[in-house]
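Bear in mind these aren't lab numbers, they're just calculated from the coordinates by the rules spelled out. These figures come from a predicted structure and were not determined experimentally. As a convention, Cβ positions derive from the backbone with ideal geometry for all residues, glycine included, and neighbour counts pool all protein chains shown.
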Amino acid sequence: MMNDAPDKTLEAVTSKIAHRLIPLLVACYFVAYLDRVNLGFASTAMNHDLGFSPLVYGWGSGVFFIGYALLEAPSNYVLHRVGARFWISRIMVSWGVVSAAMALIANEGTFYLVRFLLGAAEAGFAPGLVLYFTYWIPAAQRARILALLLLVLPISNVVGAPISGFVLTYADGVFGLKGWQWLFVLEGAPAILLGLVVLAFLTDRPEQAHWLSAAERQKLLETLEREDVARRGEDDEVIWTALCDARTLGLGVAYFGLVLALYGLNLWLPQMVADWGLTPIQAGFTTAIPFFWGAVAMFFWSRRSDRLGNPLRHAILAAVAAAMGLLAAAVAPSPAISIAALSLAAAGVLAALPTFWASVTMQATGTRAALTIALVNSIGNLAGFAGPYLVGWIKTATDAYVWAMVALALGPLVSILLLAALGERRVADIDGPAFAPDGRG
């Protein structure tokens, strides 16, 4: 019983921290992702008004990730130096302003420029949150927080699609602005407001948390210090081997395949649905259907994976479902069957994400883990550019989405082959006792 007491005390402290910090940060991540994909909801009307071809739209959708990738690491470094409260607030206010500025685009050049600036403004936000959690949440509890953040991906589409449909319909013409212009203004404003809330509310470090008692702060800091000491002594050779590890590169390419399908769907599904002749409101609710099932699948599939303890197998099976759904959508004879197939695709790709990352985080610790996760994430996010551009290029060449769906299906298929070939490897195979993301060990 005495050995259980410290763990219960730490659980109580981390629960108190979660109730204080997590709702605000999850809300911030929700707004961030909504601002990242609201272009898909605005695309049909915007492309018509500005005369953008599918290729132009695809390039503009993807150029966001160039600015994002270039400044992600420098942004995280600045956050570590100046503090999360100020820097996350700066990121949110700046991306809210740039997102609202999307209402001012008038041609291809301004479209590309503002999308690039939006990526640059948002750079470092998601990895900054992960870094911030390491200041507060012991390693055994962090996977739960990551699961909450990842669940934002489908939920932002489920909520954002109908809202966008209403804005496109009822705000069109108000004060001389088009509905798609109002969409960018209204969905950029919450980022600015939440940025100001972060500046007033967030606490940089546990040492400054006066809302924790002295005993609670000491318990948390002792735990985090022990984890930090355990990571020390890892030399440059570990860093170099982590960066050059073929297995890590293979995981990065596997993640690229999943992200290819994710952003291909995120940024093109609203246009695919609009081509069926639906009103903006009808299109909004229809677009939400696949992501609703994606959220359900992500939640239950992750719990099943944690219970059975084989995340890699679950990631592979989910990727199989994603590929099958995309291939079925390519040949679907009716909109109803197409939505059913796309729901299977969204459920598969979204369920694959947390199980994939659960497997990755079980394969290394310390500096190697940090570098592995960063490299895999960087390689995978290149698909944020490739996916939308690929769909736009194929749509321009064929005037249809059939081969675009086939091309997106190749992403999960490559992921399946790579993950099956790499197999499961846990820390126990390398360094001793395995680390499970849920803290069970």
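At-a-glance table
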item: Rule-of-thumb Rg ratio for the stretch 65-171 [Cα; 2.2 N^0.38 Å; N residues]; result: 1.25
item: Rounded, prolate or oblate (a/c below 1.5 giving rounded, otherwise prolate when a/b exceeds b/c) for the stretch 1-77 by Cα gyration tensor; result: prolate
item: Cβ-derived FRET efficiency at R0 25 Å, Leu148 paired with Arg81, nearest 0.05; result: 0.40
item: Fewest-first sequence of Lys395, Lys8, Lys16 by Cβ atoms within 10 Å of each Cβ; result: Lys8, Lys16, Lys395
item: Normalised contact order of the chain, rounded percent, pairs of Cα under 8 Å and 6 or more residues apart; result: 23 percent
item: Cα principal axis extents for the stretch 1-232, largest first, Å; result: 69, 34, 27
item: Segment Phe299-Thr110, extension gain: residue separation times 0.36 nm, minus the distance between their alpha carbons; result: 64.1 nm
item: Cα-derived Rg to Rh of the stretch 49-124, Kirkwood definition; result: 1.06
item: Residue (of Leu24, Leu34, Asn47) at the positive-pole extreme of the chain, dipole from beta-carbon charges; result: Leu24
item: Local electrostatic count, Glu122, Cβ distance below 9 Å [Lys/Arg +1, Asp/Glu -1]; result: 0
item: Contour excess over end-to-end distance, with Cα ends at Leu177 and Thr134 and 0.36 nm allotted per residue; result: 11.1 nm
item: Order of Phe133, Phe125, Phe291 under a 10 Å beta carbon neighbour criterion, fewest first; result: Phe133, Phe125, Phe291
item: Average projected area [Cα convex hull, the chain], square nanometres; result: 21.0 nm²
item: By average C-beta atoms within 10 angstrom, highest first, the peptides 48-55, 336-343, 97-104; result: 97-104, 336-343, 48-55
item: Under Karplus coefficients 6.51, -1.76 and 1.60, residue-wise ³J(HN,Hα) of the stretch 400-407 in Hz, glycine/proline x; result: 7, 9, 4, 6, 5, 5, 5, 5
item: Gain upon complete extension [Thr9, Phe285; 0.36 nm per residue less C-alpha separation]; result: 94.9 nm
item: Magnitude of the charge dipole, the chain, Cβ model with Lys/Arg +1 and Asp/Glu -1, debye to 20; result: 500 debye
item: For the stretch 291-332: rounded, prolate or oblate by the Cα gyration tensor [a/c cutoff 1.5]; result: oblate
item: Spin-label model distance (nm) - Lys16 vs Val320, 7 Å beyond Cα toward Cβ; result: 4.7 nm
item: Three-way shape label, the stretch 115-205, alpha-carbon gyration tensor, a/c 1.5; result: prolate
item: Sites Asp399 and Ala336 - FRET efficiency at Förster radius 22 Å, r taken between beta-carbons, to 0.05; result: 0.45
item: Footprinting exposure proxy for Tyr135, Tyr170, Tyr263 (fewest neighbouring C-beta atoms within 10 Å first); result: Tyr170, Tyr135, Tyr263
